[in-house]
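Single-structure report; data block below.
The values are calculated or read from the model by the stated rules, or taken from the named source; none is laboratory data. Not measured: the values here are computed from a predicted model. Here Cβ is always computed from backbone atoms with ideal geometry, including for glycine, and neighbour counts include all displayed protein chains.
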Amino acid sequence: MTKMQEISQEELELSHIFQSITHVNPNDIVVLDDIDAVGFTVPKFLIGKAVGQKGKNVDILRRKLGKAVYIFADDDNAERFLKNLFSNVNILALDVTNVMGEQVFTLLISEKDKGKALGKNKAHIKLARELLKKKFNAALNLKTKVI
């Protein structure tokens with residue numbers, strides 16, 4: 001049984017805009033006003049439709065919203081969800097620990113992928129942390145390794 005999440009007026013409006021452009025209903029939305037970024041999760045089988053050919057829908061959303069836009073494939077498994085959040089980087093290792101009752105994921109990536117993992121203004125990592133916290137009440141650490 002999934003818990004009901006409260007949805008803000010802003011999230012409702014963003015959901016409507018997202019659906020009108022992509023023809024996909026987002027499962028979740030996270031807005032980071034401080035860095036003008038928004039992240040959407042969609043069912044994995046609809047990720048291509050949501051992103052659009054050559055990222056066309058992402059570009060349209062970016063212009064319409066005036067924010068950096070990220071679209072991620074959703075999953076009910078925390079590890080798969082995390083891998084979807086970082087599908088643009090090569091994950092060298094993924095460790096899960098329990099710290100005071102909270103799951104903490106530590107992602108090890110190559111130093112050369114650090115920029116992609118962080119994103120402009122660290123938007124990618126911040127959205128990933130928020131989505132992971134919201135969906136699984138888990139935390140995320142990122143470590144790099146020179147290879």
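The requirement of being closer than 18 Å to R129 by Cβ and not in a helix (DSSP H, G or I) is fulfilled somewhere in the range 4-20, by at least one residue. What about N90, is it over 30 Å from I147 (Cα atoms) and out of contact with any Lys or Arg (no Cβ under 8 Å at 6 or more places or on another chain)? In short, no.
Note on the range 7-21: residues that are free of Cβ contacts under 8 Å to residues at least 40 places away in the same chain and among the β-branched types (V, I, T) amount to 1. Consider the range 87-107 and keep the residues that are hydroxyl-bearing (S, T, Y) and assigned to a strand (DSSP E or B). The one that is surrounded by the fewest Cβ atoms within 10 Å (Cβ to Cβ) is T97.
Residue pairs whose Cβ atoms lie under 8 Å apart, sitting 6 or more positions apart in sequence or on different chains, and linking a residue in the range 53-73 that is free of Cβ contacts under 8 Å to residues at least 24 places away in the same chain to a partner that is assigned to a helix (DSSP H, G or I) and not acidic (D, E), are V58/V51.
Checked against (1) touching a strand residue (DSSP E or B) at 6+ places or on another chain (Cβ under 7 Å); (2) within 15 Å of L131 (Cβ to Cβ); (3) in the same structural domain as K135 (by TED's automatic domain parsing); (4) crowded, with 18+ Cβ neighbours inside 10 Å, A68 passes all but a single condition, namely (3). Taking the condition surrounded by fewer than 12 Cβ atoms within 10 Å (Cβ to Cβ), farther than 15 Å from L131 by Cβ and out of contact with any Cys (no Cβ under 6 Å at 6 or more places or on another chain), does D76 pass? No, not satisfied. Checked against (1) within 15 Å of the chain's Cα centre (by Cα); (2) crowded, with 20+ Cβ neighbours inside 10 Å; (3) of a type in the set (A, V, I, L, M, F, W, C), V58 passes all but a single condition, namely (2). Within the range 68-104, which residues are in contact with a helix residue (DSSP H, G or I) (Cβ under 8 Å, 6 or more places away or on another chain) and among the charged types (D, E, K, R)? Listed by number, the residues that qualify are D74, D75.
Under 11 Å from the mean Cα position of the chain (by Cα), over 18 Å from S15 (Cβ atoms) and basic (K, R): is that true of K120 in this structure? Against the criterion (under 11 Å from the mean Cα position of the chain (by Cα), over 18 Å from S15 (Cβ atoms) and basic (K, R)), K120 does not qualify. Note on the range 108-147: residues that are of a type in the set (V, I, T) and either in a helix (DSSP H, G or I) or surrounded by 13 or more Cβ atoms within 10 Å (Cβ to Cβ) (or both) amount to 3.
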